[in-house]
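Following: one structure in structure tokens, then a few remarks.
The values are calculated or read from the model by the stated rules, or taken from the named source; none is laboratory data. Just so you know, these numbers come straight off a predicted model, no measurement behind them. Because the Cβ atoms are built from the backbone with ideal geometry, glycine has one as well, and the counts that use them run over all protein chains shown.
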Amino acid sequence: MADATGNVDAKDYGFDTPQKNSAYELKGAGHYDWGMKDRLSRVFDPKSGKTVMLAFDHGYIMGPTSGLERIDLTIVPLLEHADCLMCTRGILRTVVPPTFNKPISLRCSAGTTILTELNEECIGVEIEDAIRLNATMMAVMVSVGGKYEAVTIKNLCKMIETGNRYGIPTLGVTAVGKELVRDARYLGLASRVCAENGAQVVKTYFCEEGFEKVTAACPVPIVIAGGKKLPELDALKMAYKAIDQGAMGVDMGRNIFQADDPIAMIKAVKSVVHDNAKPDDAFQMYSDLKGRTF
Ligand code: R5P
């Protein structure tokens, strides 16, 4: 118990130095509450303002896709190199060691698989379990322009409501679908809809034409999904162009874990995202590290 008498007199009040209010620079986040900012600072490196999220949640719609057959063998060795882990609660609880202390972007919407019709989703993880799992961010798919547009936007809004209550940001994930064209007009609309509904971060796809319009018109950070596996240099070029045109990071899966050397690839992607490495230099780094990293 603190003593009431005999304490050293307090005297260092710094009268000449006004207390500073620190600026919070992440796009759109200046007016959020402390907990929300703290969580976003775990996802987006405060030094570079960027993030390399490792996505391995594909199994919830695709089953054991290539590279994710044994997450304990293929993904766990990668975890220490990622800035944030994007996964389902099933994999988090069963395979991801809780000792990594990495921020988690928890897949919270669930629904139809590739065997039927994609994108009919509901809220699959309620806020209590997200908190129990110490989720840093909650990811919800929205199918803007698709058959399940209204229900998936409702899912997003519900997660944002509950996330705001507890200071947990929500990641709006713009859907893929056979009927949805991935051009700047569509991606810009879908991303903006997520942000207007309150998503603190948006995940969408890169497009060759007009991507800077997608990021400019979205008031919160955009991270890009990688999509299907590309040759490593092409994936690095895509990451470079996305960052150069305003993306705040990548949420990349197959282009990392299906690479010939996933650890070398995630390091090369990080050099692009955090250090503005040019694609050729990053590819050189990948080639140098390939086979040497384990
Ligand atoms: C897909 O089910 C998930 O939303 C993935 O997290 C997302 O597509 C990113 O992974 P990839 O870079 O493989 O597209």
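Numbers below:
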quantity: The stretch 101-130 - residue that is under 21 Å from ALA150 (Cβ atoms), among the aliphatic types (A, V, I, L, M) and not in a loop (DSSP other than H, G, I, E, B) and, of those, farthest from the ligand (Cβ to nearest atom); calculated: ILE123
quantity: Cross-chain or 6+ apart pairs with Cβ under 6 Å, the stretch 110-123 first and free of Cβ contacts under 8 Å to residues at least 60 places away in the same chain and farther than 17 Å from CYS87 by Cα, then buried (at least 18 other Cβ atoms within 10 Å of the Cβ) and of a type in the set (Val, Ile, Thr); calculated: ILE114/ILE61
quantity: Only one of PRO97, PRO46, PRO103, PRO77 that is under 21 Å from ILE222 (Cα atoms) and surrounded by fewer than 17 Cβ atoms within 10 Å (Cβ to Cβ); calculated: PRO46
quantity: Boolean, ALA247 is part of a loop (DSSP other than H, G, I, E, B), modelled with pLDDT of 95 or more and closer than 18 Å to ALA82 by Cβ; calculated: yes
quantity: Qualifying positions in the stretch 59-78 - within 13 Å of LEU92 (Cα to Cα) and within 15 Å of the ligand (Cβ to nearest atom); calculated: GLY59, TYR60, ILE71, ILE75
quantity: In the stretch 159-189, the residues that are assigned to a loop (DSSP other than H, G, I, E, B), within 14 Å of the ligand (Cβ to nearest atom) and under 20 Å from MET53 (Cα atoms); calculated: ALA175, VAL176
quantity: Helices (runs of 4 or more DSSP H) wholly inside the stretch 45-97 that include at least 3 residues being more than 16 Å from the chain's Cα centre (by Cα), of a type outside the set (S, T, N, Q) and under 17 Å from MET252 (Cα atoms); calculated: 59-62
quantity: Enumeration of residues in the stretch 210-234 that are touching a residue at least 24 places away in the same chain (Cβ under 8 Å) and not in a loop (DSSP other than H, G, I, E, B); calculated: PHE211, GLU212, LYS213, VAL214, THR215, ALA216, ILE222, VAL223, ILE224, ALA225, GLU232, LEU233
quantity: PHE15 vs. criteria away from the ligand (no atom under 13 Å from the Cβ) and in contact with an Asp or Glu (Cβ under 7 Å, 6 or more places away or on another chain); calculated: no
